[in-house]
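What follows is one structure encoded as structure tokens, with my remarks underneath.
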Protein chains: 2
Amino acid sequence: MTRAQRAVLAQLTNDRAFVSAQDIHARLRRSGESVGLTSVYRALQALTDDGQLDARRTDGGEATYRRCGSDQHHHHLVCRQCGAAVEVEAPAVEKWVADLAATHRYVIDAHTLEIIGLCSRCADA
Amino acid sequence: MTRAQRAVLAQLTNDRAFVSAQDIHARLRRSGESVGLTSVYRALQALTDDGQLDARRTDGGEATYRRCGSDQHHHHLVCRQCGAAVEVEAPAVEKWVADLAATHRYVIDAHTLEIIGLCSRCADA
DNA sequence: CCGAGAATGAAAACCATTGTCATCTTGCCG
DNA sequence: CGGCAAGATGACAATGGTTTTCATTCTCGG
């Protein structure tokens, strides 16, 4: 693992929310651990390919990343304000998806299920 | 409704797949019906706000739009190649989402459920 | 017919992301 | 140790979708 990858992973292990590349870069800068923006992007790409990070896009189209606790397939309940997320599993949905695909003769690559709102902390504030 | 909105809506009523702003612009151009790219973006924005179009982002982060048959809340089975989509309802999922949000004290704004793959036509080709 | 307010679109600005390339590390072999 | 090859790094430029700006053009009520 490269220096940039270690730095990014450390940051995301610390925070544990969905964070954008630019945010990660800024935070690393602020904490003295200086890594170029390009390297942050490369590290995020590599770690995501490696399955160590989950990626999702915000409503605005910005990519955000999170270090998840489970390496199993799961979905997220995400706070649109702070990025805090709860990992959830939905076996019933998985089955429903598979059946549906078969019915319509689609070859499925993936599916997404996300619940977006405000966590209790952000809702109160 | 403005000229641009009529043109965009006509195009999307014709095609009925998820299409990007740039694609719509190109198609209108090609069909003689010339509308500026800016106006296409504005029309898509307005029509989406109006609930006349459904929007989603491709994996690459590009926004795509579709004229759906149902104005009820529904989800999509989408072909990542050609944009063809099947509208599906999932009452069980809706309920599950609501319960989950309550459990975790999240104030829910929205949720997304998408199934991405290849339609039978694209899979065969 | 007139004028105000909306619509239009070309061009510039934006901004996240990716490519380029010269430099710097690092680990290995002699 | 040296030194070299492969990979990593990061400043900078380029890309590409989207939004802003702004001057011009419609449109429609009075």
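Between identical copies, the spacing of residue A:29 label points, each set 7 Å from Cα toward the C-beta atom, reads 3.7 nm from nearest to farthest. On the principal axes of its alpha-carbon atoms, the stretch A:69-119 has extents of 39, 20, 17 Å, going from largest to smallest.
Sorted largest first, the principal axis extents computed over the alpha-carbon atoms of the protein assembly as shown equal 57, 44, 40 Å. For the protein assembly as shown, A:68, A:82, A:122, B:68, B:82, B:122 have no disulfide-compatible partner, since no other Cys C-beta lies under 4.7 Å from theirs.
Taking all protein chains together and a 1.4 Å probe, the residues B:53, A:100 rank A:100, B:53 from largest to smallest accessible area. Averaging Cα coordinates gives a centre for the stretch B:94-125 and one for the stretch B:35-70; these two points are 20 Å apart. If you run the Gaussian network model on chain B, springs between alpha carbon atoms under 10 Å, then out of B:48, B:103, B:38 the most flexible one is B:103. What base-10 log of the normalised intensity I(q)/I(0) is obtained for the stretch B:1-69 from the Debye formula, alpha carbons as equal point scatterers, at q = 0.18, 0.22, 0.27 Å⁻¹? The Debye formula, applied to the Cα set alone, gives -0.57, -0.87, -1.33.
Taken over the Cα atoms of chain A, the convex hull encloses 129 Å³ per residue.
The values are calculated or read from the model by the stated rules, or taken from the named source; none is laboratory data. Given the structure is predicted, the values throughout are model-derived calculations rather than measurements. Don't worry about glycine lacking a Cβ; one is built from the backbone with ideal geometry, like all the others, and counts go over all protein chains shown. These accessible areas exclude ligands, DNA and RNA; they are computed on the full protein's heavy atoms, side chains included. Shrake-Rupley method; radii C 1.70, N 1.55, O 1.52, S 1.80 Å.
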